[in-house]
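Take a look at the structure set out below.
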Amino acid sequence: MTHPSPSGASEQTEVDVVVVGAGFGGLYALYRLRELGLSVLGIEAASGVGGVWYHNRYPGARVDVDSVDYCYYFSPELYREWRWSERYAGQPELMRYLDHVADRFALRRHILFDSRMIRAQWSPGARRYQVETSSGQRLTCRFLVMATGQLSAPRRPDFPGLDRFRGEWVQTSRWPERPVALAGRRIGVVGTGSTGVQAVPVLAAQASQLHVFQRSPNYSVPAQNGPLDASLWRAIGARVPEERRELFAHPAASHLPRPRGPAADFSEAQRAQILEEQWALGGHGMGFVFSDQTVSRQTNDIVAGFVRSKIREIVADPATAEKLCPYDHPIGTRRLCIDTGYYESFNRENVTLVDVRESPIERITETGIQTASGHHELDLIVFALGFHAFTGALDGANIRNEAGQQPSDLWRRGPRTLLGLMTAGFPNLFLPTGPGSPSVLANMSVQNEYHVDWIAGCLGHMARHGFDTVEPTAKAQDDWTAHVAEVSRDILRRNVQNYMVHVNEDDGTRIFMPYVGGMDRYVRQADAIAAAGYRGFRFGRAGERGSAPAG
Ligand code: NAP
């Protein structure tokens with residue numbers, strides 16, 4: 001679906017703010033910053049709004065956070081007028097919602113669709129970014145908001161022989177808009193992360209044969225999806241502003257139950273009952289049932305063992321069940337998968353699990369996939385290989401500072417930011433949900449709202465004081481980066497291979513990129529920094545170079 005820019009966004013050559021990406025964060029940034037009286041322009045590579053939801057239209061795509069949480073809270077009217085049909089909205093419904101938001105708040109006219117930002121060069125003299133797009137526009141802006149998400153640049157398949165495959169292949173994260181035939185085909189799925197486990201049951205129901213190529217088993221728990229709990233939605237809808245504040249004060253920015261006490265506080269029978277209750281409730285709560293689960297291997301083993309026992313209960317063939325059981329990492333140390341009928345799929349006659357850790361994929365042939373132990377004939381290969389997390393989309397945007405560097409040039413030993421929102425050396429560049437913020441560990445929709453509000457507050461502060469540049473001081477950025485490392489020091493997940501961990505190749509040191517201290521603790525600190533006149537940020541005015549840091 002193409003959405004032209006009716007008011008000629010393409011003709012603008014100078015704006016206050018360029019917002020890259022028209023997903024949850026980008027749409028709200030356009031709205032909120034326009035309300036401040038700033039001129040705004042969105043740049044979006046796709047033909048419509050939606051961000052990751054535009055591209056991830058694979059069969060089974062569905063948000064795995066409750067829809068009463070995974071939506072906008074800035075407008076009580078919007079909250080009340082949109083009623084989700086299910087506990088977890090499917091991708092088509094999420095697209096309808098984001099289309100509705102774009103129309104309701106008249107945002108489309110600010111967006112250049114089918115355009116990718118291919119360069120943004122900071123010009124210290126003009127105190128502006130000079131921006132170029134793939135569709136040939138050149139413009140300048142005072143502020144650049146990268147609402148491109150942390151999981152949006154796909155890992156492309158690079159298996160040898162793929163170019164000779166005579167069947168069809170697709171990527172879940174770039175699923176075509178045209179229909180992809182599934183019925184009666186021999187399908188292979190490569191990848192069993194959150195995406196793969198959502199796609200498998202839906203593909204299994206249509207394929208003649210489905211081969212699931214699993215390199216690492218993940219823990220998956222049932223979503224327990226169903227119709228929306230209308231009374232919960234109404235109760236939240238009656239007090240949206242208060243709920244919003246409460247979400248900002250919740251570790252995961254959601255209504256998930258908080259962890260119970262440490263496992264040792266409960267008898268074995270009580271623990272078993274708690275785990276059964278959590279399984280029946282469904283969703284991400286299994287990742288933090290007990291308060292010491294993320295740091296104590298002993299407690300973690302109790303929860304992991306419970307999930308493995310469920311896998312063995314569900315999957316009829318003991319050998320397949322064993323291959324699906326993760327033993328190589330504690331539960332919750334890679335993102336928990338949330339599924340609807342994933343393990344049950346392996347009880348179908350037409351589904352085969354292929355263990356590619358045991359027998360790696362050697363190459364793609366003209367007719368299928370060759371592993372070390374055999375050949376699998378396929379008509380369609382679905383790659384669900386994940387993303388270049390945190391830096392992929394930023395690198396693709398080619399943002400250059402005065403010295404010609406990109407942020408990732410300065411992040412060789414892991415991302416360095418202040419609050420995950422800005423990085424030193426890149427004036428006026430904002431990174432909502434960036435590394436060093438709770439990011440992928442908290443509900444993204446609500447976190448985006450918090451970050452955009454924070455940015456709006458900062459730009460308002462600058463306007464009141466006549467500042468035209470802002471960036472973190474090196475000292476404040478060092479302190480925050482040290483704090484991000486400190487709060488992750490004892491967590492089990494830092495030592496597990498995982499897209500949230502940056503590993504330094506020279507000495508093997510491991511940096512956990514998101515802020516693991518919880519959204520609540522993060523918000524308290526970000527609010528305090530703002531209240532102290534944006535302590536740790538350096539502001540500048542035209543004619544001055546490098547004015548003293550605030551606070
Ligand atoms: P992912 O978790 O990174 O999983 C990628 C999968 O591809 C893994 O199973 C990986 O195996 C496999 N893989 C990669 N290269 C391979 C190779 N050469 N050979 C065989 N297997 C290979 O990616 P994802 O599933 O797309 O999920 C990423 C994130 O997106 C999630 O954690 C979540 O934050 C988000 N997401 C959200 C939703 C939702 O809300 N509904 C849905 C989907 C995704 P290894 O594990 O061995 O590397």
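Summary table
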read-out: The range 103-233: proportion of alpha-carbon pairs further apart than 17 angstrom, %; value: 76
read-out: Relative contact order %, the chain, counting alpha carbon pairs below 8 Å whose residues are six or more apart; value: 19
read-out: Packing-based order for 298-304, 417-423, 537-543, 314-320, using average beta carbon neighbours within 10 Å, highest first; value: 417-423, 298-304, 537-543, 314-320
read-out: Cα gyration tensor, the range 39-119 - rounded (a/c under 1.5), prolate or oblate; value: oblate
read-out: Amide H partners (placed H, <5 Å) of Phe387, local residues excluded; value: Arg155
read-out: The chain - Kirkwood radius from inverse mean 1/r over Cα pairs (Å); value: 24.5
read-out: Counted charge near Val68, where neighbours are those whose Cβ lies closer than 14 Å (Asp, Glu -1; Lys, Arg +1); value: -2
read-out: Long-range HN-HN contacts of Ile118 with modeled amide H, under 5 Å; value: Glu132, Thr133, Ser134
read-out: Between the range 395-419 and the range 166-240, the Cα center-to-center distance that results, in Å; value: 34
read-out: Kirkwood hydrodynamic radius of the range 73-148, from inverse mean 1/r over distinct Cα pairs, in Å; value: 15.4
read-out: Order of Ser67, Ser85, Ser296 under a 10 Å beta carbon neighbour criterion, fewest first; value: Ser85, Ser296, Ser67
read-out: Estimated inter-spin distance, Glu486 and Ser231, nm [label 7 Å along Cα→Cβ]; value: 4.5
read-out: log₁₀ of I(q)/I(0) at q = 0.13, 0.23 Å⁻¹ - the range 292-366, Debye sum with one point per alpha carbon; value: -0.49, -1.14
read-out: Prolate/oblate/rounded call for the range 273-419, Cα gyration tensor, a/c under 1.5 rounded; value: oblate
read-out: For the range 12-75 and the range 309-361, distance of Cα centres in Å; value: 35
read-out: Order of Asp506, Asp114 - criterion: other Cβ atoms within 10 Å of each residue's Cβ, fewest first; value: Asp506, Asp114
read-out: For the range 267-280, 3J(HN,Hα) per residue [Karplus equation, 6.51 cos²θ - 1.76 cosθ + 1.60, θ = phi - 60°, Hz, x = Gly/Pro]; value: 6, 4, 5, 5, 4, 4, 5, 4, 5, 4, 4, 5, 4, 5
read-out: Rounded if a/c under 1.5, otherwise prolate or oblate - the range 12-78, Cα gyration tensor axes; value: oblate
read-out: Long-range HN-HN contacts of Trp82 with modeled amide H, under 5 Å; value: none
read-out: Proximal charge balance of Gly285 [Cβ under 13 Å; K/R count +1, D/E count -1]; value: -3
read-out: Distance between the range 99-123 and the range 434-451 - C-alpha centres, whole angstrom; value: 21
read-out: The chain: antiparallel DSSP beta bridges as a percent of all, rounded to 5; value: 45
read-out: Ranked by how many other beta carbons lie within 10 Å on average, peptides 187-196, 390-399, 496-505, 31-40 from highest; value: 187-196, 390-399, 31-40, 496-505
read-out: Proxy reagent accessibility, fewest Cβ within 10 Å first, across His461, His100, His211; value: His100, His461, His211
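Read the figures in this text as sums done on the coordinates, not as results from a lab. All values derive from a computational prediction rather than experimental measurement. Heads up, the Cβs are rebuilt from the backbone with ideal geometry, glycines too, and the neighbour counts pull from every protein chain shown.
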